[in-house]
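Chemist: Quick one: the structure is below, and I'll ask about it shortly.
Every number here is computed from the coordinates shown, using simple stated rules; none is lab data. Quantities reported herein were computed from a predicted structural model and do not represent experimental measurements. Here Cβ is always computed from backbone atoms with ideal geometry, including for glycine, and neighbour counts include all displayed protein chains.
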């Protein structure tokens, strides 16, 4: 009877899931544990202000133990700091290599309605280039897929100029409601792995 009940639930319950990210992940840790912690063994590394290159030591450390699934929510700071997409993708490919046994690796795409608060300009074009590179990377490895945070964030733009998502506090960091929606995307991806 126990096996039958397990078959009706989440087939990946109990998986070890590494989540590597920047401040978006750091601020989301409590909600992540509340929403996903009962289904998965979470190992979270949120790193305030880190670019894809700067998160490398943490990604390597977390990857020193095997994980069933991995979520990378990085690249926001690369876009905001105008890093070259090619360099960021080379860094990300190296970091993905730290997880050879992961069945599924997810890349969270970048919100294309962020505002650079130094210039008050939208970072849309840079974010679109970054997201296109994520799509190319996902097409190169059957284990990799993209979690579409951008579409969810874009579905609730405010009327400011330039507009940004009402699911973010500052055009970058999700509100509590934004974190719940982001974590719902994670839950769906992890269960479908």
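Chemist: Using alpha carbons only, how many degrees (0 to 90, rounded to 10) separate the axis of helix 85-96 from the longest principal axis of the chain?
Modeler: 20 degrees
Chemist: Ok, one more. D for the stretch 94-193, whole µm²/s, Stokes-Einstein with Kirkwood Rh over alpha-carbon pairs at 25 °C and 0.890 mPa s: what number?
Modeler: D, rounded to a whole number, is 169 µm²/s.
Chemist: Quick one: of the DSSP bridges fully inside the stretch 22-158, what percent are antiparallel, nearest 5?
Modeler: 20 percent
Chemist: Can you compute the label reach from residue 13? Point 7 Å from Cα along the Cβ direction, backbone N cut-off under 19 Å, restricted to the stretch 150-193.
Modeler: The answer is 184, 186-193, whose backbone nitrogens lie closer than 19 Å to the label point.
Chemist: Then there is this: Taking the Cα of residue 160, stepping 7 Å toward and past its beta carbon, and measuring to each backbone N in the stretch 105-149: which are under 17 Å?
Modeler: The answer is 111-124.
Chemist: Follow-up. What ranking, highest mean first, results for peptides 112-118, 155-161 when packing means the other Cβ atoms within 10 Å averaged over each residue?
Modeler: 112-118, 155-161
Chemist: Can I ask one more? Which of [x] 23, 21, 17; [y] 28, 20, 14; [z] 30, 18, 14 is the computed semi-axes √(5λ) of the Cα gyration tensor in Å for the structure on display?
Modeler: Answer label, from the structure shown: [y].
Chemist: So what's the back-of-envelope 222 nm ellipticity for the chain, counting only DSSP H runs of four-plus at -39500 (n - 2.57) apiece and dividing by all residues, rounded to 500?
Modeler: Here the helix-only value at 222 nm equals -13000 deg cm²/dmol.
Chemist: For residue 84 and residue 187, calculate 0.36 nm times their separation in residues minus their Cα-Cα distance, and state this gained length in nm to one decimal.
Modeler: Full extension from residue 84 to residue 187 adds 34.0 nm.
Chemist: While we're here: According to a simple spin-label model (label point 7 Å from Cα along Cα-to-Cβ), what is the distance in nm between residue 94 and residue 30?
Modeler: 3.5 nm
Chemist: Taking Rh as the Kirkwood radius computed over C-alpha pairs, what is the Stokes-Einstein D of the stretch 17-113 at 20 °C in a medium of viscosity 1.002 mPa s, expressed in µm² per second?
Modeler: Answer from the Stokes-Einstein relation: 160 µm²/s.
Chemist: I'd like to compare 91-99, 75-83: which one has the highest average count of other Cβ atoms within 10 Å, and what's the full order after that?
Modeler: Per-residue Cβ counts within 10 Å, averaged per peptide and sorted highest first, yield 75-83, 91-99.
Chemist: Set the Förster radius R0 to 35 Å, insert the Cβ-Cβ distance between residue 121 and residue 65 as r into 1/(1 + (r/R0)^6), and round the FRET efficiency to 0.05.
Modeler: Step by step, r from the Cβ atoms, then E = 0.25.
Chemist: Report the FRET efficiency, 1/(1 + (r/R0)^6), for residue 101 and residue 170, where r is their Cβ-Cβ distance and R0 is 30 Å, rounded to 0.05.
Modeler: Given R0 = 30 Å and the Cβ-Cβ separation, E is 0.20.
Chemist: Angle check, please: helix 23-36 long axis (alpha carbons) against the longest principal axis of the chain (alpha carbons), in degrees 0 to 90, nearest 10.
Modeler: 30 degrees
Chemist: As I understand it, the value is the acute angle between the Cα axis of helix 124-139 and the longest principal axis of the Cα atoms of the chain; what does it come to in degrees, rounded to 10?
Modeler: Long axis of 124-139 versus the principal axis of the chain: about 30 degrees.
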